[in-house]
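Comments concern the structure below.
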Amino acid sequence: MQYRELANVYERIEATTKRLEMRSILVDLLRPLRGRELASALYLSQGSLRPEYEGVELGVAESLARKAVAEATHQTVESVARRSRASGDLGTTAGELLGDVRRVENDGPLELLEVYEGLTEIARAAGAGSQETKVKILVDLLRRATPLEGKYLVRFVMGTLRVGVREMTILDALATAFASEGKEARERIEIAFNLTSDLGMIAERLAAGGLAGLDSIRLEVGRPIRPMLAERAKSLEELLQRMGGRAALEYKYDGLRVQAHIAKDGSVRLFSRRLEEIGPQFPDLVRALPSAVHPHPAILEGECVPFDLGTGAIRPFQEVAKRRGRKHDLEQALEEVPVALFAFDVLLAGDELVYERDFPERRAVLEKLVRPSERIRIAEERTVTNVEEANEYFEEVVGAGAEGVMAKSLAEGSRYRPGARGFWWIKYKRDYVTHLADSIDGVIVGAFHGRGRRAGTYGALLLAVYRPDRDRFETFCKVGSGFDDAALAELPKRLEPFRVDRAPPEVDTGLTPDQWFRPSLVLEVKGAELTVSPIHRAGIGVLRPDAGLALRFPRFTGRYRTDKSATEATTSGELVEMYRMQDRGGTRSATGERPVRHKA
Ligand code: AMP
């Protein structure tokens, strides 16, 4: 396949807002492809060269890309810089400039795999002279590129390729292209994806062997699994009822979810909830794990929590955040902010695929697998069989400083479900009972210019929740409270990488902000209550055909959820559920602190 065809597909997808149309464009693209071509087309469309968890980066700074564009189009770097400032996108500028120069045609049109190989070489180039190598490869590709190809090539290397298709739409397209449109096929494909987090690999196997091609997929050490997720309950009664009258209540630690992969040789890789490799930030855990866990290989999950080694007390979550992103003075951070891992699940133990077993068996394996040490511990747990016992344990847990409990079903069928949210796990905090104190993780999709003290930065952000069945981001509030001066000042810079010049097709809202953003950055807000709104679209069609849910008096808690990707934000379904709970609770607007009325 020629790269040109892929560029054409990007162009067509960018022009549509309809998910069904996107899917059919994708189906047409994918159906004739096989093997490496198929996998490469998928990775490239996701803006990467390999599955996201491998963290392969091109290492091309804007200045380098500018230099390559200048060289390929016989311009000066200054003139390219000027033009891209005006267009706001170096890709667009590259496309325009390529329209004015003669293309090198001796080697024929660019093949998709040639482009993929070239980009892979760019990513591999390291050490002395690597900058020149990167520029040279890019120039060679650009000289052969059509204007459209050039635009997307440059966007790719800059990390700004914004084709609005996410994983769920790609999975739909894969089912239609290589299996069938039925629900069953789609589910099997999603299960395989949740287990491997590798779209390219799944697609290759599907194309080669249909659904049966997925049968041999197993979980593997070193390849992260999409984490299992929890539902909520409004009371301990409801929680127990949902779990059939019996449940294991565990501490709900407030930290960072970690998936630890310990290979046979004792080497350790840690993945975040977003499947990013975070081992380098936690060398203390990496060192402690091999001796605390037997046998190897093993995959376990736990919460990483700042921890006072002297007193054994859990410290506030914010302290872990201090470690993230610190590379140079990491050793100092290790001493300042010691952490412990509270293991709560096990997926692989030796050669046994434990994740397929029900929770009580997994817990038994976990207790044998982990030899608790100072830094590696097992999540506290108690089995309860009635509300009194549940209440008693809950009080104990909250008294000890945890934010609530995580209930685990002990019933038949309580196996680990990668990537799935369900009532097999239920999180419960006291706040749910009386008012809407649970926070919402919203995705920033737009911003409004500030006035007065906020002139020069943004005054309010437009937030959305994710709607998986439609693969869209539906807005639920405009938040301006809760930002201190420092947080405000840094907003434009923090949001810069996500700016787009028109409404992203995947965003659904009745508002028009001054600036749109590609849905990426997630932040935590709290509010007074959820109400039905004609201008917001969260859960539209669920409660009312033409109205969504809005959060009243939203306030930023100060916490960016960089551990969550946009599609891991709160979902529209969760918001609807919170709305229903709040209604049943009968205390619609009661919050501990009375909301201060302010202009929206
Ligand atoms: P939330 O992020 O509010 O949806 O809560 C779910 C998160 O709680 C999980 O992703 C874990 O990071 C965390 N957590 C803390 N303690 C536990 C536990 N004992 N079992 C499972 N998850 C836990």
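The values are calculated or read from the model by the stated rules, or taken from the named source; none is laboratory data. Please read all numbers here as calculations on a predicted model, not as lab measurements. Here the Cβ is made from the backbone with ideal geometry for all residues, glycine too, and neighbour counts use every protein chain on show. Ligands, DNA and RNA are stripped out before the accessible areas are found, and what is left, the full protein with its side chains, is counted by its heavy atoms. Shrake-Rupley method; radii C 1.70, N 1.55, O 1.52, S 1.80 Å.
Going through the range 534-554 one residue at a time, which ones are under 24 Å from GLY482 (Cβ atoms), basic (Lys, Arg) and modelled with pLDDT under 90? Listed by number, the list holds a single entry, ARG552.
At least 1 residues being open to solvent by 60 Å² or more (accessible area, probe 1.4 Å) and modelled with pLDDT of 95 or more is the threshold, and among the strands (runs of 3 or more DSSP E) wholly inside the range 390-453 those reaching it are 421-428. ARG363 falls short of the stated requirement of being open to solvent by 70 Å² or more (accessible area, probe 1.4 Å) and either closer than 15 Å to LYS427 by Cβ or modelled with pLDDT of 95 or more (or both). Looking at ASP265, is it charged (D, E, K, R), within 16 Å of the ligand (Cβ to nearest atom) and farther than 21 Å from TYR355 by Cβ? No; evaluated as a whole, the condition is false for this residue. Taking the criterion of being within 12 Å of the ligand (Cβ to nearest atom) and not in a loop (DSSP other than H, G, I, E, B), the residues of the range 356-381 that qualify are PHE359, ARG362, ARG363, LEU366, ARG377, ILE378, GLU381. With respect to the conditions (1) modelled with pLDDT of 90 or more; (2) surrounded by fewer than 19 Cβ atoms within 10 Å (Cβ to Cβ), LEU575 lacks only one, and its number is (2). Taking the criterion of being polar (S, T, N, Q) and either modelled with pLDDT under 95 or touching a Lys or Arg at 6+ places or on another chain (Cβ under 8 Å) (or both), the residues of the range 186-243 that qualify are ASN194, THR196, SER197, SER216, SER235. List pairs: first residue in the range 246-267 and farther than 27 Å from SER291 by Cβ, second residue part of a loop (DSSP other than H, G, I, E, B) and of a type in the set (Gly, Ala, Ser) anywhere in the structure, Cβ distance under 6 angstrom, at least six positions apart or on different chains. From residues that are farther than 27 Å from SER291 by Cβ, the pairs are LYS252/ALA402; LYS252/GLY404.
Are any residues in the range 11-52 assigned to a helix (DSSP H, G or I), aliphatic (A, V, I, L, M) and open to solvent by less than 50 Å² (accessible area, probe 1.4 Å), and if so, which ones?
Result: ILE13, MET22, ILE25, LEU26, VAL27, LEU29, LEU30, LEU38, ALA39, ALA41, LEU42, LEU44.
Pairing each residue of the range 569-580 that is closer than 16 Å to ARG544 by Cα with any residue that is open to solvent by 10 Å² or more (accessible area, probe 1.4 Å), provided the two are 6+ apart or on different chains, yields C-beta distances under 6 Å for SER572/ARG467; VAL576/VAL542.
Only one of the numbered conditions (1) among the basic types (Lys, Arg); (2) under 22 Å from VAL384 (Cα atoms); (3) modelled with pLDDT under 95 is violated by LYS183, and that is (2).
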